[in-house]
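The values are calculated or read from the model by the stated rules, or taken from the named source; none is laboratory data. Bear in mind that the values here come from a model prediction, so they are computed numbers and not experimental data. Neighbour counts are summed over all protein chains in view; Cβ atoms, including those assigned to glycine, are modelled from backbone coordinates with ideal geometry.
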Amino acid sequence: MYLRAPYGIDGWRFDVAGDLVSITNAQDPGQCSGPDDHGIWREIRPFIKGFSAEALILGEEWGKASEWTNGKEWDAVMNYNGFNTPVSKWITCRDVHGENAGQCLSVTAFDRWLRGALSDYPRPTQLAMMNSLSTHDTSRFLFRADGDEWKMKLAIIVQMTYVGAPAIYYGDEIGTTGDNDPDNRRTFNWDETAWNTTILGLYQKMIQLRKQVSAFRDGSFKSLLVDDANNLYAYARWNAMGAAIVILNNDSVGHLAIIPAYQLSIPDGSRLTDRLTGTQYTVRNGSVTIPATALLGHYGVVLVSDDAH
């Protein structure tokens, strides 16, 4: 058993987990379905947790998975429905396989999708959801973005600051592209001269920031700005250790954004630092203003309070 020493793996990802069924209870020999799916998982969970209470049980499920995340079966799921799909449709205007091109989500629809999906799950499950931009079952995000590295960078900012556990599909960090399976499984290119160092550098910076600011790992979530006209979206992450505000610009040009800091009880005079550039902003009249020269097209600003850790 790989959960035991000397292996001590952190958990299991179960492929097509929602289709688990015993052979004797299969309703149709040609279909993966039957009445004992949940009964089997309720036997598996105590077996795994018996080796390690911290071992992760992650199920692959493309839709709403709340019937398995009830404290008796899975800990969390691959978050296709609550992250991969809405992020792809908002930024690239395509589904995760590249289909339905041009069917862009508005900011309002994107916000409703995210908040609706969060409401499907208990808090511990939310924090453990697997948030990916690409997987072995989808086209690469950069491919869906037509190779636009700015759209990729915008998506990275969302991935590293949103509720859940970021999961980087190998190669995304160096700009690997590819269509649906099997093109999405290109071998990793070890020639460093071919790497997209801009994308890699942003991933490194955002990973370090997530480690430094605990609000990104376990903080609460609140929408602060939903601007369909300018394709701007902002949300807050905060906990007892401090607050952070993420402002996203999904337009091709820069825009001014006025963020209501008072909704986080951040007092006037407080300083917030954009951890992407080091620029400092001061809260005035309950708001923080980001100029268009700072909120670039297909990019973002990540404001963190000086006392956050």
Self-check item: Single condition ILE174 does not satisfy, out of (1) within 19 Å of the chain's Cα centre (by Cα); (2) closer than 30 Å to SER287 by Cβ
Solution: (2)
Practice problem: Can you confirm whether the range 227-237 contains a residue that is more than 16 Å from the chain's Cα centre (by Cα), among the hydrophobic types (A, V, I, L, M, F, W, C) and in the same structural domain as HIS298 (by TED's automatic domain parsing)? | Solution: yes
Exercise. For the range 249-259, state whether one or more residues are touching a residue at least 60 places away in the same chain (Cβ under 8 Å) and not assigned by TED's automatic domain parsing to the domain that holds SER106.
Key: yes
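Every residue in the range 138-147 that is in a loop (DSSP other than H, G, I, E, B) and either within 18 Å of ALA76 (Cα to Cα) or of a type in the set (Lys, Arg) (or both), please. First the steps, then the outcome.
First, pick out the residues of the range 138-147 that are in a loop (DSSP other than H, G, I, E, B): 138-140, 145-147.
Residue satisfying the conditions is ARG140 alone.
Kindly indicate whether any position in the range 200-209 is in the same structural domain as MET129 (by TED's automatic domain parsing), closer than 22 Å to PHE110 by Cβ and at pLDDT 95 or above.
Yes - at least one qualifying residue is present in the range 200-209.
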Exercise. For the range 199-280, please list each of the strands (runs of 3 or more DSSP E) lying entirely inside it that holds at least 1 residues being touching a Phe, Trp or Tyr at 6+ places or on another chain (Cβ under 6 Å) and farther than 26 Å from GLY147 by Cα.
Key: 220-227, 232-239, 271-274
Exercise. Output the qualifying pairs, or none if there are none: Cβ atoms under 8 angstrom, residues six or more apart or on different chains, first residue in the range 161-187 and touching a residue at least 60 places away in the same chain (Cβ under 8 Å), second residue assigned to a loop (DSSP other than H, G, I, E, B) and surrounded by fewer than 19 Cβ atoms within 10 Å (Cβ to Cβ).
Key: ASP179/GLY98; ASN180/HIS97; ASN180/GLY98
Exercise. Mind counting the residues in the range 154-193 that are of a type in the set (D, E, K, R), farther than 22 Å from HIS97 by Cβ and not in a loop (DSSP other than H, G, I, E, B)?
Key: 1
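Yes or no, residue by residue, for (1) of a type in the set (A, V, I, L, M); (2) without any contact (Cβ under 8 Å) to a residue 60 or more places away in the chain:
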site: TYR262; (1), (2): no, yes
site: PRO267; (1), (2): no, yes
site: SER270; (1), (2): no, yes
site: TYR281; (1), (2): no, yes
site: VAL288; (1), (2): yes, yes
site: PRO291; (1), (2): no, yes
site: GLY297; (1), (2): no, no
site: VAL304; (1), (2): yes, no
site: ASP307; (1), (2): no, no
Practice problem: Just give me the residues in the range 115-132 being assigned to a helix (DSSP H, G or I) and more than 11 Å from the chain's Cα centre (by Cα), in sequence order. | Solution: ARG115, GLY116, ALA117, LEU118, ARG123, PRO124, THR125
Quiz item: Is there a residue being closer than 24 Å to ASN81 by Cβ, among the β-branched types (Val, Ile, Thr), at pLDDT 95 or above and not assigned by TED's automatic domain parsing to the domain that holds ALA240 anywhere in the range 182-193?
Solution: no
Quiz prompt | Residue that is surrounded by the most Cβ atoms within 10 Å (Cβ to Cβ) [pool: residues in the range 189-237 that are within 22 Å of ILE168 (Cα to Cα) and in contact with a Pro (Cβ under 9 Å, 6 or more places away or on another chain)] | solution = MET206
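Quick check on VAL107: is it under 24 Å from ASP15 (Cα atoms) and not assigned by TED's automatic domain parsing to the domain that holds LEU224? Walk me through it before giving the result.
Values: under 24 Å from ASP15 (Cα atoms): no; not assigned by TED's automatic domain parsing to the domain that holds LEU224: yes.
Taking the combined requirement at face value, the residue does not satisfy it.
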Exercise. Please work out which residue is farthest from TYR203 (Cα to Cα), limiting yourself to the range 261-309 and to residues that are at pLDDT 95 or above, surrounded by 19 or more Cβ atoms within 10 Å (Cβ to Cβ) and among the small types (Gly, Ala, Ser).
Key: ALA261
Exercise. Could you list all residues from the range 107-148 that are buried (at least 16 other Cβ atoms within 10 Å of the Cβ) and more than 22 Å from GLU61 (Cα to Cα)?
Key: VAL107, LEU142, PHE143, ALA145
